[in-house]
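This report concerns only the one structure given below.
Derivation of every value follows stated rules applied to the coordinates shown; laboratory data play no part. Note that the structure is a prediction, hence the values are computed from the model and not measured. Neighbour counts are summed over all protein chains in view; Cβ atoms, including those assigned to glycine, are modelled from backbone coordinates with ideal geometry.
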C-alpha cells in the first residue's frame, strides 16, 4: 500500500475540462476526490450523450486498465475537481496481490453492468416525462428509516437533458410539475424526493 500511495498523482481540473478522452490510452486508474464528473459519449451526428455521473469516492477508467484497451468514453468535469491517478502497472499489481481489492472491483463492475443496463432501458422509453421520472428514481438514495429520498449533487437541467436525450426546457417543466404536486422539493445542490412511492408510480405508469 505504501507503493500505491507513492505512485498516486493528484490533478486539478476546471469545470468543463476533459479529464479522460475517448480513444486515449488507458494508462491509469482514476479516483474522484472532490467535485462531480460526467461520463459522456458522442453520437455519429455529434450529439453528446451523458452516460452517468461520478461523485467523490468513485473510481473510473478501470476497463481500459484491466484489458489494455483505449478509453471507451470521455469524462468531463461538471465542477472544479480533484482526481488521483494511479499508473496502470501499479493498479494491476494491486488487483493481483490484494484479494479484497479484486473482490471490490468485481462487485463494482457487476453494479456498473446493472446500472448501464437500467440506463439503456431508460433511454428506450418514448415518453420524455417518464424518462425523467425514471432517471430520478434510479438516482435516488433512501435510508431504511426515512420516508424521504434524496438525489445528491443534482446535475444541471442541461446535463440531465443531455443524459436522457431531451431538452432542458422539458426537464425544467417536468421538475416544476413534480414540485407543484408535492412529490419533490429542491435543496442546495440536491433534490429531496418527498414521496418516493408516488415518483416510482409515475415512472412505472
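Using only Cα atoms, find the angle between the long axis of helix 88-97 and the longest principal axis of the chain, and express it within 0 to 90 degrees, rounded to the nearest 10. Value to nearest ten degrees: 90. Taking other C-beta atoms within 10 Å as the exposure proxy, 75, 10, 150, 18 rank 10, 18, 150, 75 from fewest upward. Ordering 192, 184 by the number of other Cβ atoms within 10 Å of each residue's own Cβ, fewest first, gives 192, 184. Alpha carbon centre of region 106-128 versus region 161-205: separation in Å? Computed from Cα coordinates, the inter-centre distance equals 19 Å.
Counting alpha carbon pairs within less than 8 Å and at least 6 residues apart, what relative contact order, in whole percent, applies to region 2-123?
Working: 227 pairs, mean separation 43.0, N = 122.
Dividing the mean separation by the residue count of region 2-123 yields 35 percent.
Using only the Cα atoms of the chain, build the gyration tensor, take square roots of its eigenvalues as a ≥ b ≥ c, and label the shape rounded, prolate or oblate: rounded if a/c is under 1.5, else prolate if a/b is larger than b/c, else oblate. Verdict is prolate for the chain. Modelled spin-label separation between residue 100 and residue 169, with each label point placed 7 Å from Cα along the Cα-to-Cβ direction: 5.4 nm. Normalised by the number of residues in region 85-162, the mean separation of alpha-carbon contacts (under 8 Å, six or more apart) gives a relative contact order of 12 percent. Return the single residue from 76, 171, 113 with maximal mean-square fluctuation; model: Gaussian network over the chain, springs between Cα atoms under 10 Å. Maximum among the listed residues: 113.
Computed extension gain for residue 120 through residue 197, at 0.36 nm per residue and net of the alpha carbon distance, reaches 25.5 nm.
Taking R0 as 35 Å, what FRET efficiency do you get between residue 80 and residue 4 from their Cβ-Cβ distance, rounded to the nearest 0.05?
Working: r = 25 Å, r/R0 = 0.72.
The pair residue 80/residue 4 has a calculated efficiency of 0.90.
When each of 62, 17 is scored by the number of other beta-carbon atoms lying within 10 Å, the sequence from fewest to most is 17, 62. Expressed as a whole percent, the proportion of Cα-Cα pairs in region 2-123 lying more than 23 Å apart is 30%. Taking every alpha-carbon pair under 8 Å whose residues sit at least 6 apart, the chain reaches a relative contact order of 20 percent. Taking 0.36 nm per residue of separation and subtracting the Cα-Cα distance, full extension of the segment from residue 45 to residue 24 would add 5.5 nm. Taking label positions 7 Å along the Cα-Cβ direction at both residue 14 and residue 66, the computed distance is 3.6 nm, reported to one decimal.
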